[in-house]
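We did not get these values from a lab; they are worked out from the coordinates using the rules stated. Keep in mind that this is a model prediction, so the values were computed, not measured. Methodologically, a virtual Cβ is constructed for each residue, glycine included, from the backbone with ideal geometry; neighbour enumeration extends over all protein chains shown.
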Amino acid sequence: MKLTEQHIEDDNKKSLASQNNSYNFLADSLTSKGHNVDAILSKLSEFQVAVPSWALGAGGTRFGRFSFYGEPSTLQEKIEDVGILHALTQTAGAVSLHIPWDIPTDYKAIKEQADALHIKFDSVNSNTFQDQKNAKESYKFGSLSNTSKAVRDQAIQHNLDVINIGDKLGSKSLTVWLADGSSFPGQNNFQTAFQNTQNSLIDIYAGLPEDWKLLIEYKPYEPNFYSTVIQDWGASLMLANGCGDKAFTLVDLGHHLPNSNIEQIVSILMLKGKLGGFHFNDSKYGDDDLTVGSIKPYALFLIFNELVYGMESNPQNPDLAWMIDASHNIKDPLEDLLQSLEAIQEAYAKALLVDQKELRTAQLENDVTKCQEILQNAFRTDVRPLLAAARLKNGGAINPIQSYRNLAVRETLIKERGKHTIATGL
Ligand code: AOS
Ligand code: ZN
Ligand code: ZN
């Protein structure tokens, strides 16, 4: 199924008058406060977030999967789904593939399909947390950190193969997330595991093309419950520094112990020029992978506030790989992703409303109340008409979920793909 601009434009007609009213009201009020609304709109339009291929089917990971039907079962169908998300939102212009779940059979055809839908190939993800069919060695006791050289070599080779696949598609980074760790005290020698991981990453790094980045994701626990080799940003940063200039830390919002100050982590990594990428999701308890902004929207805004500050003030930090990493099993996965994309844009737009100069002055005057007011005023602004205007400008939907439903996307996908498709992935 392909959503045309015409489909979307027709559906927009119903909400156009009310959108224009709300937009004009908001734009006037922001302009009178000194904001440059056009500049904000173009920043919103430029901000593209990659959709993870594994979130396009109903999730469930270690629990049950309840299909929504019409889910993609091939890479081509996954790209088609991202095309639908991008047509509606104009902010999902990239896809992040996971290898071996998404190995292309026909590179040329996949690239052409993605090009036609204006979709780029973002970071490619390797998978050494599952044993692959016919693999000689098992990752049961770790991959890049394993005490066996044969296992480490197999995992290193897999990462090099993933780079090769990504390179053929135009990706520019490799994301490494390891499940390596231990579930019981004494099981692992922490130092050996860390050192092995560093050495393995150095071997992978040596295979990176000149213009590529290595993104190292951290996570405090799960699937291992006593220790994780790359447990936090400090471990990730040490490993990145041990590899070189093209290696960076990747922050996944769900990979922190409760109440961690993620905005501060992000800020300091950008100061050091070492923040490489982002996985957006939300959580209440752990790595819940819930819809972005569904639980802690203010925390998301505070993180974006630091990201915006960093993007403006830290030229030493490269452009980031932005990606959603959320998936669960009770909503239509495409609707869930539409909600996440909206929440990301919303937090970004609000962060763009923070007057950094005014904040700086209030900070220097130690006017704590004013500092808080500046942030909260931005956060409390309803920026949704701005997001809709940015989408509209590029041919997207005023209300993506409403159009998705009005245009009967899921029903059409079920008709086309049937009820028996099974998405690859966990
Ligand atoms: C796992 O917890 C991580 O968030 C990863 O980014 C992982 O590769 C992804 O969720 C696919 O399983
Ligand atoms: Zn992640
Ligand atoms: Zn995760």
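Summary table
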| read-out | value |
| --- | --- |
| Hits among aspartates and glutamates - C-alpha to C-alpha of Lys370 under 17 Å, sequence gap 8 or more where chains match | Asp355, Glu358 |
| Within region 32-130, trypsin sites (Lys or Arg not before Pro) in DSSP loop having at most 16 other beta-carbon neighbours inside 10 Å | Lys33, Arg62, Arg65 |
| Potential lengthening between His35 and Ala109 on full extension [0.36 nm per residue; Cα-Cα distance subtracted] | 22.2 nm |
| Order of Asp252, Asp382, Asp232 - criterion: other Cβ atoms within 10 Å of each residue's Cβ, fewest first | Asp382, Asp232, Asp252 |
| Entries of Lys43/Lys350; Lys111/Lys415; Lys2/Lys111 with Cα pairs more than 21 Å apart | Lys111/Lys415 |
| Loop sites in region 324-426: GluC sites (Glu not before Pro), DSSP, at most 14 other Cβ within 10 Å | Glu365 |
| The chain: radius of gyration over Cα atoms, expressed as a fraction of 2.2 N^0.38 Å | 0.99 |
| DSSP beta bridge pairing in the chain, given as percent antiparallel to the nearest 5 | 10 |
| For region 208-333, convex hull volume per residue from C-alpha positions, Å³ | 121 |
| Gain in span if fully extended, Leu271 to Asn164, counting 0.36 nm per residue against the direct Cα distance | 35.4 nm |
| Label-point separation, Asn199 to Glu416 (7 Å along Cα→Cβ), nm | 5.0 |
| Under 17 Å from the Cα of Lys272 - lysines, other chains or at least 8 residues apart | Lys213, Lys246 |
| Summed residue charge, Cβ within 15 Å of Gly310's Cβ, Lys/Arg positive, Asp/Glu negative | 0 |
| Computed label-point distance, nm, for sites Tyr285 and Gln264 using a 7 Å Cα→Cβ extension | 2.7 |
| Cα-projected label distance for Lys13 with Gln316, points at 7 Å along beta-carbon direction, nm | 5.6 |
| Length released on extending from Ala135 to Leu364, taking residue separation times 0.36 nm less the Cα-Cα span | 76.5 nm |
| For region 167-234, fraction of C-alpha pairs farther apart than 14 Å, in % | 63 |
| Summed residue charge, Cβ within 13 Å of Ala247's Cβ, Lys/Arg positive, Asp/Glu negative | +1 |
